[in-house]
1. What are the residues in region 328-350 that are crowded, with 21+ Cβ neighbours inside 10 Å and of a type in the set (A, V, I, L, M), if any?
2. Taking interchain pairs and intrachain pairs at least six residues apart, which have beta carbon atoms under 9 angstrom, with the first residue in region 148-159 and without any contact (Cβ under 8 Å) to a residue 60 or more places away in the chain and the second open to solvent by less than 10 Å² (accessible area, probe 1.4 Å) and aromatic (Phe, Trp, Tyr)?
3. Out of (1) assigned to a loop (DSSP other than H, G, I, E, B); (2) touching a residue at least 24 places away in the same chain (Cβ under 8 Å), what's the single condition that is false for Thr385?
4. What pairs come out if I take residues in region 436-450 that are within 14 Å of Arg423 (Cβ to Cβ) and pair them with residues that are of a type in the set (D, E, K, R) and open to solvent by 10 Å² or more (accessible area, probe 1.4 Å) whose C-beta lies under 7 Å away, six or more apart or interchain?
5. State whether the residues of region 216-235 include one that is polar (S, T, N, Q) and open to solvent by 30 Å² or more (accessible area, probe 1.4 Å).
6. Can you find a residue that is in a loop (DSSP other than H, G, I, E, B) and in contact with a Ser or Thr (Cβ under 6 Å, 6 or more places away or on another chain) anywhere in region 267-285?
7. Considering region 41-81 alone, what residues qualify as being part of a loop (DSSP other than H, G, I, E, B), within 22 Å of Leu381 (Cα to Cα) and touching a residue at least 60 places away in the same chain (Cβ under 8 Å)?
8. Within region 149-161, is there a residue that is surrounded by fewer than 18 Cβ atoms within 10 Å (Cβ to Cβ) and modelled with pLDDT of 95 or more?
Amino acid sequence: MTLHIYQAQLLHYLTEDDVDKRLPKMPIVDKGVTLMPVVAGVSVYPEYIANGALVVDDATGLIVDYGNSETILADYASAQEGLEPVQIHDYRQKLIMPGFIDTHVHYPQIDMMAAFGEQLLDWLNNYTFVTEATFADPKIAQDTAKFFLNQLLANGTTSALVFSTSHPQSVEAFFTESQRLNTRMITGNVLMDQNAPANLCVSTEQGIRDTQNIIDKWHERGRQHVAITPRFAITSTPKQLQMAGELYASYNSVYMQTHLAENHDEIAFVRSLYPNHKGYLDVYDNMGLLGRRTTLAHGIHLETAEYERLRETGTQIAHCPTSNLFLGSGLFNLPKTLSYTGVSIATDVGAGTSLSMLTTLSEAYKVQQLQSNPLSAHQGLYQITLGNAQSLVLDDKIGNFMPNKEADFVAIDMAATPLLERRMAQTKTLDEQLFVLMMLGDDRVIQQTIVAGVNRYNRLSAA
């Protein structure tokens with residue numbers, strides 16, 4: 001065992017309970033910052049330590065402690081002399097944050113990003129389904145999974161809720177590579193048995209059997225989790241959705257993910273398929289697909305009764321700003337939706353145009369600006385770390401630097417480009433610096449990505 005001490009500027013977000021647990025250590029939280037919580041009634045505050053240090057145990061992959069650098073060095077580096085070795089990493093010119101979390105992304109679609117000129121339904125038919133059909137070839141699935149996961153790490157993303165394809169081998173390839181990297185990931189085979197190309201549709205019962213087999217093999221194996229994954233109401237028959245709901249109800253820890261109310265034509269199509277339901281969300285509700293471990297991507301065009309039902313069931317919404325803008329889907333109202341239920345922020349590649357959660361926040365800011373809802377840097381950075389962990393019910397494991405959480409974190413170079421360096425020199429406060437990072441940051445600011453205490457990406461060696 002070696003203790004690793006990372007000297008750096010530290011920024012993360014704490015709940016009130018976290019603050020209480022840290023009181024003997026005197027946490028440096030700013031209670032003057034007001035954040036909209038992902039979990040209703042849970043107060044959240046930023047903690048920034050300019051001269052900080054993070055202690056990681058490489059044997060367990062867990063965080064041991066964090067705090068002021070002088071105190072940490074005195075408590076651990078000196079005390080450990082002659083015992084377990086200590087390695088000190090000098091990142092004092094860098095900002096260390098918890099690893100970013102992406103709550104909605106399609107790994108097979110990375111090869112069709114930036115496909116021109118369509119809105120949702122045509123885009124699916126002309127680009128998405130064509131690309132996903134190639135995943136019948138296990139080698140394509142393996143190569144893409146490896147490339148995709150490496151790209152996540154290069155962007156500072158250490159966990160994600162991911163769509164694979166309808167082919168079980170696409171899930172197998174993804175989990176095999178994620179297990180090798182020891183990343184905490186969630187995925188599942190896409191359920192489709194109608195209104196899609198025949199080479200992507202899987203029979204109702206077989207798709208559910210495939211999901212069951214994947215759960216049996218991969219769910220909670222190491223850091224891997226399974227999500228039951230109907231693409232959306234259009235491509236699943238009522239029987240398949242019902243069977244998916246029955247499978248979901250039989251587990252306490254399996255996830256459920258699909259899409260909701262992204263596009264007006266999509267909503268109209270769902271109404272034509274399910275004329276006896278009160279609306280789009282009611283289809284999922286009737287099939288038993290709502291719940292605290294359910295994440296519905298988009299949720300842009302909802303009625304008041306649907307917002308209320310989300311709140312009653314604890315169902316989560318994933319906001320995907322770059323995708324919504326790219327496909328012309330609409331403007332998501334973040335404060336309104338957060339007033340009803342938990343909202344995470346996600347890239348939604350391949351309709352999304354970047355795997356960078358920082359770039360995604362930049363677009364989220366613009367979406368909110370168009371609705372007179374200013375998005376602060378603290379709100380955005382909280383959302384893509386602890387907030388997204390809370391949305392996925394993983395905040396007991398990841399999301400901040402609390403001791404005994406998993407050591408997933410990123411080292412950020414705030415002067416990674418000449419423009420950033422020059423712009424940062426003009427800032428006078430931490431809030432200004434973080435806002436510049438949110439607006440101008442991308443994969444170039446990620447210097448190092450650590451997963452469970454192990455270096456999985458280094459910009460200098462990757463260059």
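1. Leu334, Val343, Ile345, Ala346, Val349
2. Hits for this filter: Phe148/Tyr107; Phe148/Phe174; Leu149/Tyr107; Leu149/Phe174.
3. (1)
4. If the second residue must be of a type in the set (D, E, K, R) and open to solvent by 10 Å² or more (accessible area, probe 1.4 Å), the pairs left are Val436/Arg423; Leu440/Arg423; Val445/Asp413.
5. As a first pass, look at region 216-235 and keep what is polar (S, T, N, Q): 224, 229, 235.
Within this subset, residues satisfying the condition of being open to solvent by 30 Å² or more (accessible area, probe 1.4 Å) are none.
No; the residues of region 216-235 include none that is polar (S, T, N, Q) and open to solvent by 30 Å² or more (accessible area, probe 1.4 Å).
6. So in region 267-285, the residues in a loop (DSSP other than H, G, I, E, B) come out as 274-279.
If we keep only those that are in contact with a Ser or Thr (Cβ under 6 Å, 6 or more places away or on another chain) as well, we get none.
Among the residues of region 267-285, not one is in a loop (DSSP other than H, G, I, E, B) and in contact with a Ser or Thr (Cβ under 6 Å, 6 or more places away or on another chain), which makes the answer no.
7. Val42
8. Within region 149-161, one or more residues are surrounded by fewer than 18 Cβ atoms within 10 Å (Cβ to Cβ) and modelled with pLDDT of 95 or more.
The values are calculated or read from the model by the stated rules, or taken from the named source; none is laboratory data. As the structure is a computational prediction, the values presented were derived from the model and not from experiment. For neighbour counting, all protein chains shown are included, and Cβ atoms are generated from backbone atoms with ideal geometry for every residue, glycine included. We work out accessible area using only protein heavy atoms, side chains counted, and drop any ligands, DNA or RNA first. Shrake-Rupley method; radii C 1.70, N 1.55, O 1.52, S 1.80 Å.
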